[in-house]
1. Can you pull out the helices (runs of 4 or more DSSP H) entirely within region 98-191 that have at least 3 residues that are crowded, with 16+ Cβ neighbours inside 10 Å?
2. Can you tell me which residues in region 306-332 are more than 18 Å from A37 (Cβ to Cβ), touching a residue at least 24 places away in the same chain (Cβ under 8 Å) and in contact with a strand residue (DSSP E or B) (Cβ under 7 Å, 6 or more places away or on another chain)?
3. Residues A242, A272: which one is in the same structural domain as I339 (by TED's automatic domain parsing), small (G, A, S) and over 15 Å from the mean Cα position of the chain (by Cα)?
4. State all residues of region 199-221 that are on the phi > 0 side of the Ramachandran plot and without any contact (Cβ under 8 Å) to a residue 24 or more places away in the chain; if no residue qualifies, say none.
5. Identify, please: which residue in region 225-274 is assigned to a loop (DSSP other than H, G, I, E, B) and without any contact (Cβ under 8 Å) to a residue 40 or more places away in the chain and is, among those, surrounded by the most Cβ atoms within 10 Å (Cβ to Cβ)?
6. Within the group F321, F328, F303, which residue is of a type in the set (A, V, I, L, M, F, W, C), in the same structural domain as S215 (by TED's automatic domain parsing) and surrounded by fewer than 14 Cβ atoms within 10 Å (Cβ to Cβ)?
7. Specify which of the listed residues (E256, E309, E317) is modelled with pLDDT under 95 and out of contact with any Gly (no Cβ under 8 Å at 6 or more places or on another chain).
8. Are any residues in region 192-208 in a loop (DSSP other than H, G, I, E, B) and closer than 28 Å to V334 by Cβ, and if so, which ones?
Amino acid sequence: MKIGVIGGGQLGRMLALAGTPMGMQFIFLDPAADACAAAVGAHICADYNDHEHLRQLADQVDLVTFEFENVPAETVAFLSQYVPVFPCADALRVARDRLNEKTLFQQLQIPVAPFAAIESQVELDRAIQSIGLPAVLKTRTLGYDGKGQKVLRTAADVTDAFAELGSVPSILETFVSFTGEVSLLAVRSRHGEIRAYPLVHNTHEQGILRLSLPSHNHALQTLAETYVTSVLEHLDYVGVLAFEFFEFNGGLFANEIAPRVHNSGHWTIEGAECSQFENHLRAVTGLPLGSTTKLGESAMINFIGTVPEVDALAAIEDCHFHHYGKAFKKGRKVGHGTIRSQSADRMLQQLNKLKALV
């Protein structure tokens, strides 16, 4: 089977690495000449709105998926005229726009922090009066890894904040004093089967995910699965979806969803019976879903800007490291390492060794 992937970053690369042993072939469409996924599949170097090359992709594959949500929903809608595309354009329209997300969460009675749509500085000033400070101003689209947002703590922070984010449609949210950040990755098949991985505890620095620790029998697992299932079924979603939550007052506040395989699920490559990447491919191709059961205890650390020396990584027992083949750049995810051990004590011991390198 030939699969087209919109986007040629590390997520597409890891999809291909998971699918190649299953006899799948991959073609990536990405505007970057140095797209790192090109090492594991064919590469069409073209813009996401280039209809001629989109048709070229559709003519060569059995189905199409995408590896990040900044792909225009119109691209997915165009492709779906010629080839099956999963997830669908409607799911992408919701997930790539923070206002659409929050509105859907409210509709499905999933708790969210107070928010307001912002189209101007005047609207921002007015919204601050009702929402209060501290608050977070975020662009509705194209924000990731801490980009496209600003924390507003004082009145001085509010002044000209709309212009600082580019004077584009935005959303203001109450700043949640959470006790933890967690994410749930779940997968839904073309036949409606749903499976979920354990809740993952996440640590961010400067808006970038640094550390993910999958939990064991988390008290909020069932609640998180209930919320995610309602979103998956409402959107008739096919594939892996990540749902990020804030732990707050013993419950969960919805933060955002990502309609794709997700950084906080990289541990599943070595730490679960079936990785998020394989399960995404199983879902979109119509295969039965794989087990999401944990194998031992795991932790994942992102390599930001640079990758530690390979000989040092290889010297750490229980460490599995991934180099994305991307040029090193400050603030850029260029690889990750996963520790997987049979016991929590052993895992934490080896994790500290990996942390020392990072």
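The values are calculated or read from the model by the stated rules, or taken from the named source; none is laboratory data. Since this is a predicted model, take the numbers as computed values, not measurements. Neighbour counts are summed over all protein chains in view; Cβ atoms, including those assigned to glycine, are modelled from backbone coordinates with ideal geometry.
1. Hits in region 98-191: 98-107, 121-131.
2. T306, L313, D318, C319, H320, G331
3. Testing whether each residue is in the same structural domain as I339 (by TED's automatic domain parsing), small (G, A, S) and over 15 Å from the mean Cα position of the chain (by Cα) leaves just A272.
4. Answer for region 199-221, where residues must be on the phi > 0 side of the Ramachandran plot and without any contact (Cβ under 8 Å) to a residue 24 or more places away in the chain: just N217.
5. Filtering first and then ranking leaves C274.
6. F328
7. None of the other options fit; the residue is E256.
8. Y197, P198, L199, Q206, G207
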